[in-house]
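J.: Take this structure, written in structure tokens, and hold onto it; I'll ask about it next.
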Amino acid sequence: MDFSEELINWYQKNKRDLPWRNTTNAYVIWLSEIILQQTRVEQGMPYFLRFLKKYPGVKAFAAASEDEVLNLWQGLGYYSRGRNMLKTARQVMEQYGGEFPVAYNELVKLKGIGEYTAAAISSFAANEAKAVVDGNVYRVLARYFGIEEPINSTQGKKLFQQIADEVLDKENAGLHNQAAMEFGAMLCKPKNPDCHICPLRDGCYAYQHNKVAELPQKLKTVKIRERCFNYFVVTDGETVLMNKRGDKDIWANMYDLPMIETTALLFPHEVAVLPGAEKMFGKNIVTIESFRAKKHVLTHQHIYAQFIQIAPKADEIKLEDKWTYVKVENLKEIALPKIIFLFLNNFFNL
């Protein structure tokens, strides 16, 4: 058997029974593909099922508000995916009459759908001969063919796509793509791959040359930004003062708490006397309680967040346009970054 036949043969014997594999509905496939980007199947499955239940079709999704979508997305990370999904659904309603396209050339025109996602949807929904190259496929190809070109270099991306196109079973494109992705996820794993039971090992360059751990190669270009967020908790027990974030930074358009960002972690009493704190809450800030700083890891940023409960005088609070008092009982209904949700959930015993 050739490379593709081996993959498909393995897949048909070992594949996981996942709900989006039992349909050719482009909407359902799109939902799964976006949710599973940068997300493990085990983590993404509950989100997929919740979204599909609440929005069984693109029309229902398009009618949702951004707050509703982000609230449902809460904890999944990369929130721009959720915002883009809403734009995509509305675009499908406006430009395609609510009929989710299945052709690659139409899919790439949609917001938030790149070449990879378009190839996945078109091949799974309509068996269009487009090769999918995701992280799992990169790994399988790099090891099997001994490709040392970094997968995140411009040349590397072109080379891997070229090879993926060449080995694609064009008659069974959807099946081949599913097989390659599943093979990388289940057997040819990043660490401790199951080479001893791999049906491709006799032809695998990395296995034969003891380079499994070295491939694929990747350029290290990510610089981590460290930020310190000092959050103020202002509450009477029934309501809490919340801040609606803008659209230019992380957690765009989601809710957090009034905050001062500093270049280093400060003690709560140091934060309370910062000019920004006085401007927001007046001079007579009484600190009730402070909570140890938590580290929140994002792809390109590390956030150190501490929470300081204060009791400012009501007439000295300078309410900003983006601030609003939210009933504690309604906190679960608004879109909150995970670190804020976890704190409030513990603080108020939601």
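J.: Output ³J(HN,Hα) for region 96-101: one whole-Hz value per residue in order, computed from phi by the Karplus curve 6.51 cos²θ - 1.76 cosθ + 1.60 with θ = phi - 60°, and x for Gly and Pro.
T.: 10, x, x, 9, 5, x
J.: Moving on. Would you kindly state how much longer the chain becomes between E316 and K218 on full extension, computed as 0.36 nm times their sequence separation minus their alpha carbon distance, in nm to one decimal?
T.: Full extension from E316 to K218 adds 30.0 nm.
J.: If you don't mind, there's one more thing I want to ask. Kindly write out, for region 143-150 in residue order, the coupling ³J(HN,Hα) from the Karplus curve 6.51 cos²θ - 1.76 cosθ + 1.60 (θ = phi - 60°), rounded to whole Hz, with x marking Gly and Pro.
T.: 6, 5, 9, x, 8, 9, 5, x
J.: Let me ask something else. Mind checking which of A180, I121, M242 is farthest towards the positive end of the chain's charge dipole, using Cβ charges of +1 (Lys, Arg) and -1 (Asp, Glu) about the Cα centre?
T.: M242
J.: Turning to a different aspect of this structure: What's the magnitude of the charge dipole for region 225-348 around its Cα centre, counting Lys and Arg as +1 and Asp and Glu as -1 at the beta-carbon? Answer in Debye, nearest 20.
T.: 380
J.: With a Förster radius of 25 Å, plug the Cβ-Cβ distance of I197 and K170 into 1/(1 + (r/R0)^6) and report the FRET value to the nearest 0.05.
T.: Details: r = 28 Å, r/R0 = 1.14.
Step by step, r from the Cβ atoms, then E = 0.30.
J.: For E66 and N25, FRET efficiency with R0 = 25 Å and r from the beta-carbon atoms, rounded to 0.05?
T.: Working: r = 24 Å, r/R0 = 0.97.
E between N25 and E66, to the nearest 0.05, is 0.55.
J.: Okay, next question. Please report the spacing between the Cα centers of region 59-107 and region 241-256 in Å, no decimals.
T.: When both Cα centres are located, 20 Å separates them.
J.: Find how many whole Å separate the alpha carbon centroid of region 109-167 from the alpha carbon centroid of region 274-341.
T.: Spelled out, the Cα-based centre of one part sits 43 Å from the other.
J.: Count charges around N345 for me, please; just the other residues with Cβ under 11 Å from its Cβ, Lys/Arg as +1, Asp/Glu as -1. Mind dumping the intermediate values first?
T.: Numbers: positive: K332, K338; negative: none.
Net charge in that neighbourhood comes out at +2.
J.: Using the Cα centre as the reference, give the magnitude of the dipole from point charges on the C-beta atoms of region 3-214 (Lys, Arg: +1; Asp, Glu: -1; all else neutral), rounded to the nearest 20 debye.
T.: About 600 debye.
J.: Would you list, by chain and number, the lysines whose Cα falls below 21 Å from the Cα of K248, excluding same-chain residues fewer than 8 positions away?
T.: Output for K248: K87, K111, K223, K322, K338.
J.: Is the shape of the chain rounded, prolate or oblate, going by the alpha carbon gyration tensor and its root eigenvalues a ≥ b ≥ c, with a/c under 1.5 for rounded and a/b larger than b/c for prolate? Before the final figure, lay out the partial values.
T.: Numbers: a/c = 2.81, a/b = 1.85, b/c = 1.52.
It comes out prolate by the Cα gyration axes.
J.: Further question: For H209 paired with E5, estimate the spin-label separation in nm (one decimal), with each label point 7 Å from Cα along the Cα-to-Cβ line.
T.: Label at H209, label at E5, 2.6 nm between them.
J.: Considering the options Y55, P101, N71, tell which one lies farthest towards the positive end of the dipole of region 51-108, charges being +1 on Lys and Arg and -1 on Asp and Glu at the Cβ, about the Cα centre.
T.: Going by the Cα projections, it comes out as N71.
J.: Shifting gears a bit: For E278, put the label point 7 Å out on the Cα→Cβ axis and report which residues of region 306-322 keep their amide N under 16 Å from it.
T.: Within reach of a label on E278: 313, 316-318.
J.: Could you point to the residue in Q38, I285, Y304 farthest towards the positive end of the chain's charge dipole, with +1 and -1 charges on the Cβ of Lys/Arg and Asp/Glu respectively?
T.: Going by the charge dipole, the pick is I285.
J.: Each residue of region 229-244 in order: what ³J(HN,Hα) in whole Hz does its phi give by Karplus 6.51 cos²θ - 1.76 cosθ + 1.60, θ = phi - 60°, with x for Gly and Pro?
T.: For region 229-244, the Karplus-derived couplings read 10, 10, 8, 9, 9, 10, 8, 10, x, 9, 10, 9, 6, 10, 10, 8 Hz, x marking Gly and Pro.
J.: Ok, one more. For the cross-link pairs K244/K313; K294/K332; K54/K170, which exceed 27 Å when the distance is taken from alpha carbon to alpha carbon?
T.: Values: K244/K313 22 Å; K294/K332 21 Å; K54/K170 36 Å.
Where the Cα-Cα span goes over 27 Å, the pairs concerned are K54/K170.
J.: Moving on to the next point. Taking the alpha carbon gyration tensor of region 60-210, what are the square roots of 5 times its eigenvalues, largest first, to the nearest whole Å?
T.: After diagonalising the Cα gyration tensor, the semi-axes are 33, 18, 14 Å.
J.: If you don't mind, another one. Under the rule a/c < 1.5 gives rounded, and otherwise a/b versus b/c splits prolate from oblate, where does region 204-350 land using the Cα gyration tensor?
T.: prolate
J.: While we're looking at this one, here's another question. Going by amide H atoms built from the backbone, whose H comes under 5 Å of the H on M242, apart from near neighbours?
T.: Under 5 Å from the amide H of M242: T324, Y325, V326.
J.: To the nearest 10 degrees, how steep is helix 41-54 against the longest Cα principal axis of the chain, on a 0 to 90 scale?
T.: For helix 41-54, the angle is close to 70 degrees.
None of the figures in this text is laboratory data; all of them are computed from the coordinates on show. The structure displayed is predicted, hence computed values, not measured ones. So basically every Cβ, Gly included, is an ideal-geometry build from the backbone, and we count neighbours across all protein chains shown.
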